[in-house]
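The values are calculated or read from the model by the stated rules, or taken from the named source; none is laboratory data. Just so it is clear, the structure is predicted and the values come from calculations on it, not from any experiment. For neighbour counting, all protein chains shown are included, and Cβ atoms are generated from backbone atoms with ideal geometry for every residue, glycine included.
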Amino acid sequence: MNKGKNEPNFNRTNPLAEFDAVEDLLKDRAAADRALNHYLNPKPAEPATDPRIDSLFSVTAKADADTLLTSTSETLASIKAMAEDLAFEVEGTRRSVALGIHQLVELCQLLVDKALDQLEAPVTPAP
């Protein structure tokens, strides 16, 4: 025999002999199953957003009414400017459509401005 070399042990032993009870074997089996499932069958990542939202854009839940209305007002002003610009570049029914969009945006702008005024106005007690 070669000294310093480990020779394989060909003695056949019962692999279950090292377990004291069937419960130990089952615990090890359950742990192995959990480990395999963790690496081989990972759970899909949870969606980071509300699943009810089905749009590209979303609004943070932390935004207060004043911030939302102010942003809406600025967006409406931009739409109004684009519709006004477009109305003077087209003719006929297209011009009428662009002016109609301009008027609807102006109406929305008035509603948002009124809501902002109500938010900023001090609350006076009723007599």
Among the residues of segment 93-112, are any surrounded by 15 or more Cβ atoms within 10 Å (Cβ to Cβ), aliphatic (A, V, I, L, M), within 22 Å of Val59 (Cα to Cα) and within 35 Å of the chain's Cα centre (by Cα)?
yes
Where the second residue is β-branched (Val, Ile, Thr) and the first is in a helix (DSSP H, G or I) and lies in segment 97-110, which pairs have Cβ atoms under 7 Å and are six or more apart or on separate chains?
Ala98/Val90; Val105/Ile79
Answer yes or no as to whether Asp64 is under 27 Å from the mean Cα position of the chain (by Cα), exposed (fewer than 10 other Cβ atoms within 10 Å of the Cβ), under 28 Å from Val105 (Cβ atoms) and modelled with pLDDT of 80 or more.
yes
Considering (1) at pLDDT 65 or above; (2) in contact with a Phe, Trp or Tyr (Cβ under 8 Å, 6 or more places away or on another chain), say which one Ala30 fails and leave the rest.
(2)
Taking the condition at pLDDT below 90, in contact with a helix residue (DSSP H, G or I) (Cβ under 9 Å, 6 or more places away or on another chain) and not in a helix (DSSP H, G or I), does Ala48 pass?
no
Conditions (1) part of a helix (DSSP H, G or I); (2) at pLDDT below 85; (3) surrounded by 10 or more Cβ atoms within 10 Å (Cβ to Cβ) -> Phe19 fails only (1)
